[in-house]
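None of the figures in this text is laboratory data; all of them are computed from the coordinates on show. Keep in mind it's a predicted model, so treat the numbers as computed, not measured. Don't worry about glycine lacking a Cβ; one is built from the backbone with ideal geometry, like all the others, and counts go over all protein chains shown.
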Amino acid sequence: MTLEEIGQTIEAEVLTGQDRLRDEVAVGCAADLMSDVLAFARSDAILLTGLANRQVIYTADVAGISAVCIIRGKKPDQPTVELARQKGQVLMTTRLPMFVCCGRLFAKGLPGLGYLDISKGDGDR
């Protein structure tokens, strides 16, 4: 699924990385605990989070995640937006809650992080 399709599906506003909206994403990751993101994230994921601070951008960068969407109508401050731009990350916001975002994306065919392993009988991650 492309970042553009994801943005349309969850009614997101793109703050940075408009030139990368045709990039493909293989899985979704939804978390507010950045330790979970570091433990389980993949570089082909989009991170959905309720956190709207620079730590999210730093964590996504370390984990290799190139797209972040901040949920529940939260808006990051300008230094956070600038950091995402400097790191080359796509940064989006949506007014929708996490559960709705995850449901819409899953219904459109985007699996969640770990789902691919579970569906193959490999256990959860």
Discussion item. Name the residue from L47, L33, I65 whose Cα lies farthest towards the positive end of the charge dipole of the stretch 1-90, charges +1 on Cβ of Lys and Arg and -1 on Cβ of Asp and Glu.
Written reply: L33
Item to complete: List every residue whose amide H lies under 5 Å from the amide H of A30, counting only residues 5 or more places away in sequence or on a different chain, with H placed 1.01 Å from N in the peptide plane.
Response: L48, L113
Item to complete: Give the angle, between 0 and 90 degrees and rounded to the nearest 10, that separates the Cα long axis of helix 78-87 from the longest principal axis of the Cα atoms of the chain.
Response: 60 degrees
Response to the item:
Calc'd 3J(HN,Hα), the stretch 6-19, phi into Karplus 6.51 cos²θ - 1.76 cosθ + 1.60 (θ = phi - 60°), Hz, glycine/Pro = x, comes to 4, x, 5, 5, 9, 6, 8, 9, 8, 9, 9, x, 4, 6
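Report, in debye and to the nearest 20, how large the dipole of the chain comes out about its Cα centre when Lys and Arg carry +1 and Asp and Glu carry -1 on their Cβ.
So the magnitude is around 240 debye.
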Worksheet entry | Convex hull per residue volume in Å³, alpha carbons only, for the chain | 87 Å³
Worksheet item: Of all trypsin sites (Lys or Arg not before Pro) in the stretch 74-105, which ones are in loop regions per DSSP and have a Cβ with at most 16 other Cβ atoms within 10 Å?
Response: K74, R95
